[in-house]
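These notes are about the structure you will find just below.
What follows is calculated from the coordinates using simple rules that are stated; it is not laboratory data. Please read these numbers as outputs of a predicted model, since none were measured by experiment. Here Cβ is always computed from backbone atoms with ideal geometry, including for glycine, and neighbour counts include all displayed protein chains.
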Amino acid sequence: MAAKLRSPIAASLIRCDRQRNVNHAWILVIYIRRTGLAAAAMILAMSSVQALAQVAGESVQPTESADEATIDFSANGIEYDNEADVVTAKGNVIMTREGNRLRADQVSWDRKTGRVMATGNVSVTNPGGDVAYGDSIELTDTLKDGAVENLLIVLTDGGRLAAAHGTRRDGTSELDRAVYSPCSVEDSDGCPKNPSWKITAARVVHDPVKNRIRYKNARLEIFGLPVIALPGFSHPADNRGGSGLLVPDVQYSRNNGFEISAPVFFKIAPNRDLTLTPHIYTDVLPALQANYRALTTHGAFQIGGFATYGSRIPTSSATLQQAREFRGYIDANGRFQLDRRWSITGSLRLATDRTFLRRYDISRDDRLRSTIDLQRLTRTSFFSLSGWGLQTLRSGDPQGQIPIAVPLVDYRKRFNDPVVGGNVELQLNSLALARTSGQDTQRSFASARWDLRRLTNLGQELQLTGFARADVYHTDEAGRTLTALYRGSNGWHSRFIGAVAAEFRWPFFGPAFGGTQRLTPRIQIVASPSTPNLSLPNEDARSVDLEDSNLFALNRFPGYDRWEDGARATYGLDWALDLPGFSLQANIGQSYRLSSQPVIFPNGTGLTDRTSDIVGRTTLKFRRFVSITHRYRLDKDSLAIRRNEIDATIGSEKTYAVIGYLRLNRDVDPLIEDLRDREEIRLGGRIQFARYWSIFGSAIVDLTDKNEDAQSLSDGYEPVRHRLGIAYEDDCIKLGVTWRRDYDRTGDARRGNTYQLTLSLRNLGR
């Protein structure tokens, strides 16, 4: 029931509600204008339960001006001292005013002084959501200003501020002898524990308006040990971030000596920030790293860079250049959604020399790619206007042989076939490749593809495909291409490509071992007339290799410049077993060339003879504990393993092992680039030996020998790189030490050891 009272002094709403199972217990909820608390209290003091019940039937709407401050007030009981003009509320007291909320067991309000004294389980919540707890809190009647004894402030991001004494004025809290920590102070059993890290200070100021926490005479303690003094230190009060110093990194490497990097974060605006990171070394000159990020209404972008001034060793020499020069790297990327259909993306990656990234442990990439791409995407069409360029970081690659693609135009349109059914896809494509000291190529083509998929009454799947394409090429300076197989002939060239294909699948289902299994035989027939190939340059179809992913492809070449003509039959078998928490999938297949015309596949690719090699893949998964994938290619005659690739992950999220193995034994012509035989193993893992402690490591070992690759420098066991470390990680701190060793050398990126100390503190950056 509810009652609304109105008087010249105050307007009050009194609601009396009898609780279940409690005799004669009632709760009062009073909405009081700041000027009307005394009158409301007098009414309460003189009223009985029966009187309140009588008033409950009235319904009078109070009128309030917009500038009058209103306090929402509730309590189990209330008393009023007429002589002292003090109102005392007892039992689950809640006071709310302008987003500030006070909760306590008892609240006394001195109307003469405006003093509010709260005791017993006291909490004050500000409009931002931060909660302050204390044994007793003295406030003004605005609920904004006051003093607290034995204060605890819980911030919205989970951080905590504790102090022996605190005051709050205009929403800003000042704490004496204070401690800050975002860490839990209780373990999983609810027992008290010391936080993993904390900041102690003589005075702390929490300003929710500026979203900052500032310290005076502060120091950082980790696991109870003082680590570093923090004079004039401050940080954001929540996860929105703010300007300040981030956690530094410390490491030692043979290339640069001891290094300390101290990033400084600048929050320019809510949607823009800048991070400057000076790197100080003992063996080389300092370096500066910068990263600028921005979020706009249409997209986002970031621009990063790393620069220094020093000497270097060229990749072609072992002698250190004494003359110092500028060395640096830029990395920028962004994406903008212009409207619902149009978007533009771009990236820029450039380095001043080939060893800079490895020398300063920025990246181990051997090529840097810069791109620009304008796209239009609809439900049935796709358009792209793009360009890209590459900077090689390989010691043996001449930059003049690396192409620049401007422009690359690609348009595709899909629609349903209105005559016989199926889907039709049209494609227009144009590409121009330019080299500063190499072959230049321009290419354009138009193609159409028709696909029809049907299911028979017996569950068989039949797919029919028709394909046609017309190409136009122009080539200059083809003789500059080192590999004759890729050159083509100078001048204009054209060709027409046509193909038809039919693929048949017949899946069988049945129970097995308490689960289900699927067995799917499949066969494909492809026919294509003789197509010119060798007279055209090969720019995008070079690294061809038969594998399970392209066995049933219409064209087994990876690009457009080469086309597999003739007639062939491809056959294979797919099998799958699904059990609760377990799955096993496998496929195997082979192809046979029906025509006797010469093929253009290089030796060692598995497609040279009429009968191809055998390829397959097996994937095993057991819950989330085991995941193994095995890919292979077997010689059609001797069944020797020509390709053997294993990727395995075993273990849980905290303790696991990762194994990768690759062996290529294809005997490919060494003059053909990127297809050399090799053998390597990759190992990695983590072992958690305590609740928060773990050791981790990884290694790459080159197992190639002279029999597999005559140009290999490995003797059958040549470590490439390994890493070993120990780490501590809980809910608010990550601490680790890592040892890494590199065994290869390129220019001034020398082989040697690197030791790194990493520290990440919750709410304080990395």
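Take T172 and R412, extend 7 Å from each Cα along the Cα→Cβ direction, and tell me the distance between the two endpoints in nm.
6.0
Placing unit charges on C-beta atoms (Lys and Arg positive, Asp and Glu negative, everything else neutral), compute the dipole magnitude of the chain about its Cα centre in debye, rounded to 20.
So the dipole magnitude of the chain works out to roughly 520 debye.
Take the Cα atoms of segment 338-425, find their three principal axes, and give me the spread along each one in whole Å, biggest first.
On the principal axes, segment 338-425 reaches 61, 29, 21 Å in Cα extent.
Helix-only estimate, please: 222 nm mean residue ellipticity of the chain, summing -39500 (n - 2.57) across DSSP H runs of length 4 or more and dividing by its residues, to the nearest 500.
-500 deg cm²/dmol
Given C-alpha coordinates of segment 250-302, what is the ratio Rg to Rh with the Kirkwood estimate of Rh?
Rounded to two decimals, Rg/Rh equals 1.18.
How far is it, in nm, from the label point at F223 to the one at R340 when both lie 7 Å from their Cα along the line to the Cβ?
5.8
log10 I(q)/I(0), Debye, Cα-only segment 122-164, no solvent, q = 0.19, 0.27 Å⁻¹?
Debye intensities relative to I(0), on a log10 scale: -0.52, -0.98.
Shape call for segment 563-711 from the C-alpha gyration tensor, a ≥ b ≥ c root eigenvalues: rounded (a/c under 1.5), prolate (a/b greater than b/c) or oblate?
oblate
Sort T352, T436, T605 so the one with the fewest other Cβ atoms within 10 Å of its own Cβ comes first.
T436, T352, T605
Starting from the Cα of Q375, step 7 Å along the direction of its Cβ; do the same at A164; then give the gap between the two resulting points in nm.
Simple spin-label model gives 6.2 nm for this pair.
Name the lysines eligible as straight-distance cross-link partners of K216: C-alpha to C-alpha under 25 Å, and not fewer than 8 places from it in the same chain.
Cα-Cα hits under 25 Å: K144, K198, K267.
Just to confirm my numbers, what's the Cα centroid distance between segment 163-238 and segment 320-369 in Å?
40
Within straight cross-link reach of K706, meaning Cα distance under 19 Å, which aspartates and glutamates are found once same-chain residues fewer than 8 apart are removed?
D667, D669, E673, D674, D677, E679, E680, D715, E718, D744
Taking amide H atoms as placed 1.01 Å from N in the peptide plane, list the residues 5 or more away in sequence, or in a different chain, whose amide H sits under 5 Å from that of T746.
Amide H neighbours of T746: none.
Please work out the C-alpha center-to-center distance from segment 83-124 to segment 619-643 and express it in whole Å.
73
Any chance you could list the semi-axes, whole Å, largest first, of the equivalent ellipsoid that the Cα gyration tensor gives for the chain, using √(5λ)?
For the chain, the ellipsoid semi-axes come out as 69, 37, 28 Å.
With respect to the cross-link table entries K621/K654; K654/K734; K90/K210, which display a Cα-Cα separation exceeding 25 Å?
Result: K90/K210 exceed 25 Å.
Go through segment 146-220 and name the chymotrypsin sites (Phe, Trp or Tyr not before Pro) that are in a DSSP coil and have 11 or fewer other Cβ atoms within 10 Å of their Cβ.
Passing sites in segment 146-220 do not exist.
Karplus couplings for segment 343-358 from phi (6.51 cos²θ - 1.76 cosθ + 1.60, θ = phi - 60°), rounded to Hz, Gly and Pro as x?
Working through the residues one at a time gives 8, 9, 10, x, 8, 9, 9, 9, 10, 6, 8, 7, 10, 4, 4, 6 Hz.
Grab every C-alpha pair in segment 77-233, bin the distances at 10 angstrom width from 0 up to the longest one, and report whole percents.
Taking all Cα pairs of segment 77-233, the binned fractions are 11, 37, 31, 16, 5, 1 percent.
With θ set to phi - 60°, apply the Karplus curve 6.51 cos²θ - 1.76 cosθ + 1.60 along segment 175-185 and write out the HN-Hα couplings as whole Hz, x wherever there is a Gly or Pro.
Calculated HN-Hα couplings, in order: 10, 9, 6, 10, 9, 10, 7, x, 7, 5, 10 Hz.
Positive end of the charge dipole of the chain (Lys, Arg +1 and Asp, Glu -1 on Cβ, about the Cα centre): tell me which of L285, W506, N423 has its Cα farthest that way.
Of L285, W506, N423, it is N423.
From the phi of every residue in segment 547-556, what ³J(HN,Hα) in whole Hz does the Karplus formula 6.51 cos²θ - 1.76 cosθ + 1.60 yield, where θ is phi - 60° and glycine or proline is x?
8, 5, 6, 10, 4, 9, 6, 5, 10, 7
Which angle between 0 and 90 degrees, to the nearest 10, do you get for helix 37-46 versus the longest principal axis of the chain when only C-alpha atoms count?
Once rounded, the angle reads 60 degrees.
Amide H to amide H under 5 Å from R254: which residues, 5+ apart in sequence or cross-chain, H placed 1.01 Å off N in plane?
Under 5 Å from the amide H of R254 lie the amide H atoms of N753, each far enough along the sequence or on another chain.
For the ranges 402-408, 543-549, 751-757, what's the packing order if you count other beta-carbon atoms within 10 Å of each residue, average per peptide, and put the highest first?
On the way: 402-408: 16.6, 543-549: 18.7, 751-757: 14.9.
Going from most to least packed, we get 543-549, 402-408, 751-757.
Any idea which of H206, L385, T483 is furthest toward the positive side of the dipole for the chain, if Lys and Arg beta-carbons carry +1 and Asp and Glu beta-carbons -1?
So the residue furthest toward the plus end is L385.
Multiply the residue separation of S243 and Q463 by 0.36 nm, subtract the distance between their alpha-carbon atoms, and state the gained length in nm to one decimal.
On the way: separation 220, 0.36 × 220 = 79.20 nm, distance 6.02 nm.
Here the segment from S243 to Q463 would lengthen by 73.2 nm.
Give me the extension gain from R480 to N707: residue separation times 0.36 nm, minus the current Cα-Cα distance, reported in nm with one decimal. Intermediate values should be presented prior to the final figure.
Details: separation 227, 0.36 × 227 = 81.72 nm, distance 3.09 nm.
Stretched fully, the R480-N707 segment lengthens by 78.6 nm.
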